[in-house]
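Here the structure comes first, spelled out in structure tokens, and everything after it is commentary.
Values in this text are rule-based calculations from the coordinates and carry no lab data. Fair warning: this is a prediction, and the values are worked out from it, not measured in the lab. We place every Cβ from the backbone using ideal geometry, glycine too, and count neighbours over all the protein chains shown.
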């Protein structure tokens, strides 16, 4: 059925400490929740270089795990094919994840910019409204084609005077 003993991860015979450190730092980056500093490759050639680097790192990691298995199984062709398939799938998954993260980041940045613009408009409108209500209403100057230019207080006192005159006239007419 299967072997009961656990296999330990052994470094391939040709690997060095630098490769081990590179592999472990790659794993650490994969486990990290932080977004990579370069969210979008500058050019298609840098995207290809990034994919090649990911492919190389995945191949190294898989080779380190399966180095003992290939010698014992004797079926190197299938293992190599499986390794290549796994590496290609890992690269596609990584590229897809980075693409989605980049798209999500761009969408969020667009929403932040839209919100900032709406906030600026609202703040401007609030400042305009405040400046209107901060000025005393009695000192506000009215302009109309039918009335002379004057403050609201002047217009109200003129209306009050006309109302008093009208009441007085009504009293006179009521006595006749």
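Miscellaneous remarks
- Filtered residues of the range 111-148 (kept if part of a loop (DSSP other than H, G, I, E, B) and surrounded by 10 or more Cβ atoms within 10 Å (Cβ to Cβ)): 135, 136, 140, 147, 148
- Condition met for residue 174 (under 25 Å from residue 52 (Cβ atoms) and exposed (fewer than 10 other Cβ atoms within 10 Å of the Cβ)): no
- Look at (1) surrounded by 10 or more Cβ atoms within 10 Å (Cβ to Cβ); (2) more than 30 Å from residue 57 (Cα to Cα) and you find that residue 88 fails only one, number (2).
- Residue among 108, 98 that is out of contact with any strand residue (DSSP E or B) (no Cβ under 7 Å at 6 or more places or on another chain), outside any loop (DSSP other than H, G, I, E, B), surrounded by 10 or more Cβ atoms within 10 Å (Cβ to Cβ) and in contact (Cβ under 8 Å) with a residue 60 or more places away in the chain: 98
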